[in-house]
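Peer 1: Quick one: structure below, then a few questions.
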Amino acid sequence: MKVMFTPNKGEEFVAQLSLQDQERAALLVSVHDRYYALQAVCAVFKFIEISFSTIYAHHTLSIKYHAVEGSMMIDTDTARNLELVDSISRQKAHSLFGLLNSTLTPQGSRLLRTSLLSPLTSQSAIEARLDAVANLVQSDEHYNSIHNAIKGVQKIDMDKLIVRLAAIDKSGEISSGVGLESIAVKTAYERLGQLLDLQKVIKNLPVVAHAASETQARLLRIIGELVLDPRITEIRQVIERHLNDTSIGPKRGSVGALSTVTARVYAVKAEANPLLDVARASYKENVHDIFDLGKAVAEKYELPIELVYQQENGGSFVFCLSRTPIDASGWQWPKEWVDKVQKKKKWVFSTLELKKLNGRMREMLYETLTISATIVHEVFTQVVSRISALYKASEAIALLDVLLCFAKRALDGGYVRPEFTGTLAIKSGRHPMLETIQAAGRTVANDVYASDSSRFQIIQGPFLKPSFLACRIGLLSVMASCGSFVPAGYASFKLGLQTLGASFNNRRRFTDSMMLC
């Protein structure tokens, strides 16, 4: 097990896999003497290699080292007591993350969660976010244009897509198959799906860039520049030159499975190889023959027999029939119906004729993918060489998504922009989650003040639970440090490096405290 935690090997992984960009030199210097961090890096990549037979191409991963400086330290007990990401009631809407999370993209949701657990401590970075949120709050036009632009990229997780592009299946070095199970064909099939997803995302990036660049906030304009990187334009041109604008369509159910395969069959442009049209025509004709056979069988036996496409064993069609019309009448199975399997309330079966047509269809699919493999490898190589631009674009869209959800919450809740003056002063501060749970008008707002001359206060009384006020101060401080507006009439905060909370229960007597330092 010790070989899994080797710092020298961890540093080697960082040097081999990190992107060759302007931040690479600083990264290598920063991690050189980080003994435990490098041990963890080694363990992670060794685990991925051994457990999933996956390695990554050199210089294709965005590896970053985040020092403690620059982010607020929040221990796990404080995060739990403040209900930052999980609520005690187990209801998502009752946590701060659930309240703020109206993100449209998966990477935006992950960034929001990370931001709440480690808020910023740099005032310039916080003010940049607040400027962007203020611009979105004040301009309905900018808010709506960015919201509609992000909708075009919301269905695909860019972070996971980029990592899949960088991953290499190591099991291909050990085993090899034939036909559709051959490594070259399986790789071409997977890479085509990834490139089609990337094509859909990149096609919408100019819209996102234009919407962000039209605003007055400097941070939003920077996001627009990152999304419209010249290398992304080069990737789009490479994909457009070799691949058709083919939509994969729905990915669920039998129809989705067939449309996914069909999209890959017609993905590569025919100009790349004249034999592609021949193979595709044969594949299309064979699929039509299968549907004609399904229609003929249903008419012959006068039963609601359906054709269902299954991706198992290289992809094939089977007949599907509800059990109700058969079981009720004691109907006898025809001898030509084979491979009968009961699945829930349906019977799944096949015929020798359908099996023959399935075999021919798989042969044509194999032929098409074999011809496409060379072009797919060429496109993939050019995309991976510019993969660092995709990481930047994904991070920019995630941040834009988070800023948009901050603006939405500010508009819905009537929040105000916080200030950072070195003094804690909150007027009419409200608990962000409680005011959405209680009926309108029932939430009581409170004022809070603390400065260098008045920083220690004792709160007591039978009608006010101190923990409630302490949690409110902590939550508003975290929200402000993330760059979000806060529920108050006025709010001023002092930049904190740590948020510590404690709660002790001794014979039903509670003592709660919150310390911002």
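The values are calculated or read from the model by the stated rules, or taken from the named source; none is laboratory data. All of these numbers come straight from a predicted model, not from anything done at the bench. Virtual Cβ from ideal backbone geometry, glycine too; neighbours counted across all protein chains shown. These accessible areas exclude ligands, DNA and RNA; they are computed on the full protein's heavy atoms, side chains included. Shrake-Rupley method; radii C 1.70, N 1.55, O 1.52, S 1.80 Å.
Peer 1: Computing the accessible area with a 1.4 Å probe over protein heavy atoms, can you report the carbon and sulfur percentage for the stretch 324-401?
Peer 2: C and S fraction of accessible area: 56 percent.
Peer 1: Amide H to amide H under 5 Å from Val338: which residues, 5+ apart in sequence or cross-chain, H placed 1.01 Å off N in plane?
Peer 2: Ser350, Thr351
Peer 1: Let me ask another. Report the charge-dipole magnitude of the stretch 335-411 in Debye, nearest 20, computed about the Cα centre from +1 at each Lys and Arg Cβ and -1 at each Asp and Glu Cβ.
Peer 2: 660 debye
Peer 1: Now for a different question. Return the equivalent ellipsoid semi-axes of the chain as a descending list in whole Å, where each equals the square root of 5 times an eigenvalue of the C-alpha gyration tensor.
Peer 2: 52, 30, 24
Peer 1: Have a look at the stretch 397-448 and give its Rg and Dmax from the Cα atoms, expressed in angstrom.
Peer 2: For the stretch 397-448, the Cα radius of gyration and maximum Cα-Cα distance read 13.4, 38 Å.
Peer 1: Given a Förster distance of 45 Å, report the FRET efficiency between Asp21 and Arg323 from their Cβ-Cβ distance, rounded to the nearest 0.05.
Peer 2: Step by step, r from the Cβ atoms, then E = 0.15.
Peer 1: On the protein heavy atoms, probe 1.4 angstrom, tell me the percent of accessible surface of the stretch 1-160 carried by carbon and sulfur.
Peer 2: Percent of accessible area from carbon and sulfur atoms in the stretch 1-160: 54.
Peer 1: If the limit is 26 Å between Cα atoms, which of Lys151/Lys269; Lys64/Lys203; Lys200/Lys269 go over it?
Peer 2: Lys151/Lys269; Lys64/Lys203
Peer 1: Next question, about the same structure. Hey, what's the chain come to in accessible area per residue, 1.4 Å probe, Å²?
Peer 2: Ligands and nucleic acids excluded, the figure is 53 Å² per residue.
Peer 1: Given H placed 1.01 Å from N in the peptide plane, which residues other than close sequence neighbours of Val268 have an amide H under 5 Å from its amide H?
Peer 2: Excluding prolines and chain starts, which carry no amide H, the hits are Asn244.
Peer 1: Cross-chain or 8 or more residues apart, Cα under 18 Å: how many lysine pairs in the stretch 335-441 fit that? Count them up, please.
Peer 2: Qualifying lysine pairs in the stretch 335-441: 4.
Peer 1: For the chain, what are the DSSP H helices with axial Cα length of 18 Å or more and mean Kyte-Doolittle hydropathy of at least -0.5?
Peer 2: 35-52, 123-138, 183-213, 253-265, 275-301, 352-384, 387-413, 466-482
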